Amino acid sequence: MRFCYRFILAIPFLPALCLLHVLPMLVFSQQTLTAQIQPSHLQGNFPPPAKPPQIRACEVQSGAIILDGNLSEGAWMQAEEIRDFFQQEPVQGAQNKHTSSVRILFDSQYLYFGVMCQDSAGRGGVRVQDLRRDFIFGENDLFAIQLDPQNLKRYCVSFQTTPYGSQRDLQVFDDNFRDNDWDALWQVRTNISDSGWTAEFAIPFATLRYDYSEANANAPDSIAWGVSFFRLARRDYEQSSFPPVPQSYTSYRMVYAAQLLGLRLPKPSVNLRVQPYALYDFTSQKASTDAAPVVQGVPKFGGDAKWAVKPDATLDFTFNTDFAQADVDRAVNNLTRFNLFFPERRQFFLENSGVFAGVDNAFVRPFFSRAIGLANTQFAAAPVPIDVGVRYVERNADRAIAGMYVRQRGNEAQSAANFSVLRYLQNFGAQNSVGAMLTHRYDDASERLNFGGKHNATLTLDGLLRPTDELTITAVLTGSLDSTSSRLGSGGNVFAGYNTNAFYVGTLHAWATEKFQPGMGFVAQSNTVFHNPGGYAIIRPKERTWWRRWDPGAFFELYHNANDGTFQQASVDIFPIWFYFQDNAFVRYSVTPTWQNINFNFAPVGIQIEQTRYFYVRHILQYSSDASAAFSFVARGELGGYFNGALTTLYGSLRYAPLPNIALTAEYERNQFFDVGRERKNLTTDLITGAVRLAASPQLQVSVFYQYNSFDRRSRWNVRGSWEFLPLSFLYLVLNDSMIQPSGQQTQAFIGKMVYTHQF
């Protein structure tokens, strides 16, 4: 697998791809902070202000705000108006073309934000691609609110919306680790007019976790929260924030946040959220075209619960866990020597996953939640029932403590298993930490399977250092022990990266010994040491023009055996062209010389590669159009050598979204092999994907997904309808169909599922 995790060290005269093009999301006020930032600093990195700006919330009577997105209530005029957002993109510190303002109110139950996003193009200027929850950042107009209720400066929750009222929410830890699938109970309504769009946010205090004192009732300024705002005006790709954050950082970096005063906080409730579900699963399976289908219908009941034990601690419980509504995996044809990594898509494991994220990277992961509840971690992994799971996460300014236990049921192919994870993280200084993690997996003994049971454990130590705002250093050391072989193995990584508005340089070194076997983890390739230095420049025009940035650079990759140093693979990815236009369309060209040493049995897509050394060069040319337009596309061509032959890859994707209510997408990938392998094969593989998304509103949607892979002649359908009849309460109707030709092996499943959410 070629890793997208490209942290690299600069090669001054060479360009570089793998742009960690981080899209800032925080927010800044020119009005409040410009006096603290010298004009000479506006084009470079500047430190957080010694004294953060202060803003105030205004108290109103319950019922004073009607959530309709119109900001027509007189109460809004009582609140302080926050204006003069700081431009991050395209020109740091320049005057914004699109102005924004925010007012803050609260009553005994809710914290309200009234947002005005002006746009001279009015309704015609709105860019929104779809109405799904947790929409893709960077494709839509959006406004985001970041809150740090405990004022930790290392953590925030973000609430985001588009002009059509779609919701996106996430947790962020130390600016780097994000729980994008965290879902909170909150509401937003929007309104589009000829002058722009407005939004009303209503965030229940019961959703937020904060410290409470009786003294606050008489002294509202005794408690301060961190807060920031961010706007993306997608048509011009203008990013603005309050208060200011340099271009080189994401806006989740809460050391730059303002202080929110004036809140008279209600005494926290029990803060318990329960989500029971009921479903019916009707499945039909056929072993061949002529075989009679085996049909069964199974009801299922279970649910989740979340209890905020205290403001900085959460206890999660899951029973008879079900993930019928989760997105399906996408098929991939693996043409590399590395194991494929498929991301986690299941809600219980996604939430609060950031607390475990600091101990791994794309090469070595001592803990990977896909090892739980799936027969394997590869594409179309078969689900294994989960009986019960519990997770505890406590995070404050000083430390983080987390633990998780899951009991997995056995099936006809494997015994039941118990999974346990313990995590401790100690913070020190402004943005530094050291931590440890212990995982343990026990597979039960089974007489039926003639299996005597197995223990597997890993111990991991990690650290994060940020001696300056620009420099980030991380290190991980992990070891594993498996009872069946008494094998002690090790792995880990060391990373250092320096990021400014003008350039990025970094280096990553990772390894996994031959005996490293994390029973709850993932390894791209064992018995391997990986080196990945490189860098790229960031060149911007001094004024707003037709182009936005040019990131030339280079990445070097080197792999060799961990036990004896034998060379495995090396490549240099040189990117003289990585060019962004003002609408965020981009074009890239790369050339990649590659050296290979094949000394193992290797047969990508069934082509047997002879065990010897190879050298070849590959070229990539790609253009991606403006992803926010009604019609957008990506076109990529790859050509050049491939071991002893040649490989041409053509990829294209099209999306037509004339309205936010409808989106049609199509993708096509063709791989053509010429004279490759021991038998000098010519082979063509086609991967075809199509999708339709229809939405009557953000709460009522239907999606259709189809994929066909000519390599294994497998076709897959996934049809999902969802109705959010109450906040975070859903009705799902799901149809899955998988068929392999020409055998006619087919599995069909129809699932109806209802989830009800209640907050106490």
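The values are calculated or read from the model by the stated rules, or taken from the named source; none is laboratory data. Everything numeric in this text was worked out from a predicted model, so none of it was measured. Because the Cβ atoms are built from the backbone with ideal geometry, glycine has one as well, and the counts that use them run over all protein chains shown.
So which of ARG253, ARG189, ARG234 is among the basic types (Lys, Arg), closer than 28 Å to ASP68 by Cβ, out of contact with any strand residue (DSSP E or B) (no Cβ under 6 Å at 6 or more places or on another chain) and assigned by TED's automatic domain parsing to the domain that holds ARG103?
ARG234
Give the range 569-608 a look and list any residue that's part of a strand (DSSP E or B), at pLDDT below 95 and either over 29 Å from TRP546 (Cα atoms) or basic (Lys, Arg) (or both), or say none.
Answer for the range 569-608, where residues must be part of a strand (DSSP E or B), at pLDDT below 95 and either over 29 Å from TRP546 (Cα atoms) or basic (Lys, Arg) (or both): just PHE602.
Which one of PHE516, PHE581 is aromatic (Phe, Trp, Tyr) and in the same structural domain as PRO366 (by TED's automatic domain parsing)?
Testing whether each residue is aromatic (Phe, Trp, Tyr) and in the same structural domain as PRO366 (by TED's automatic domain parsing) leaves just PHE516.
Determine whether ALA79 is within 24 Å of ARG549 (Cα to Cα), of a type in the set (A, V, I, L, M) and assigned by TED's automatic domain parsing to the domain that holds SER251.
no
Counting just the residues of the range 174-189 that are in contact with a Leu (Cβ under 9 Å, 6 or more places away or on another chain) and within 23 Å of PRO52 (Cα to Cα), which one comes out surrounded by the fewest Cβ atoms within 10 Å (Cβ to Cβ)?
ASN176
What tally of residues in the range 225-261 results from selecting those that are in contact with a helix residue (DSSP H, G or I) (Cβ under 7 Å, 6 or more places away or on another chain), assigned to a loop (DSSP other than H, G, I, E, B) and surrounded by fewer than 24 Cβ atoms within 10 Å (Cβ to Cβ)?
Qualifying residue count, the range 225-261: 1.
For the structure I just gave you, tell me whether GLN118 is touching a strand residue (DSSP E or B) at 6+ places or on another chain (Cβ under 8 Å), touching a residue at least 12 places away in the same chain (Cβ under 8 Å), surrounded by fewer than 20 Cβ atoms within 10 Å (Cβ to Cβ) and farther than 26 Å from THR250 by Cβ.
Here the answer is no, as GLN118 does not meet what is asked.
What's the number of the condition GLY637 fails, among (1) in contact (Cβ under 8 Å) with a residue 40 or more places away in the chain; (2) loosely packed, with under 15 Cβ neighbours inside 10 Å?
Failed condition: (1).
I need the full set of residues from the range 200-224 which are surrounded by 14 or more Cβ atoms within 10 Å (Cβ to Cβ) and either in a helix (DSSP H, G or I) or basic (Lys, Arg) (or both), in order please.
PHE205, ALA206, THR207, ARG209, ASN216, PRO220
I'd like to check something: does the range 551-567 contain any residue that is among the polar types (S, T, N, Q), outside the structural domain of GLU514 (by TED's automatic domain parsing) and free of Cβ contacts under 8 Å to residues at least 24 places away in the same chain?
No, the conditions are met nowhere in the range 551-567.
Residue check: is ARG678 basic (Lys, Arg) and either assigned to a strand (DSSP E or B) or free of Cβ contacts under 8 Å to residues at least 24 places away in the same chain (or both)?
No.
Going through the range 65-81 one residue at a time, which ones are at positive phi and either aliphatic (A, V, I, L, M) or at pLDDT 95 or above (or both)?
Within the range 65-81, LEU71 is the sole residue that qualifies.
Let me confirm something: among LEU694, LEU683, which residue is among the aliphatic types (A, V, I, L, M), under 16 Å from ILE609 (Cα atoms) and out of contact with any Lys or Arg (no Cβ under 6 Å at 6 or more places or on another chain)?
LEU683
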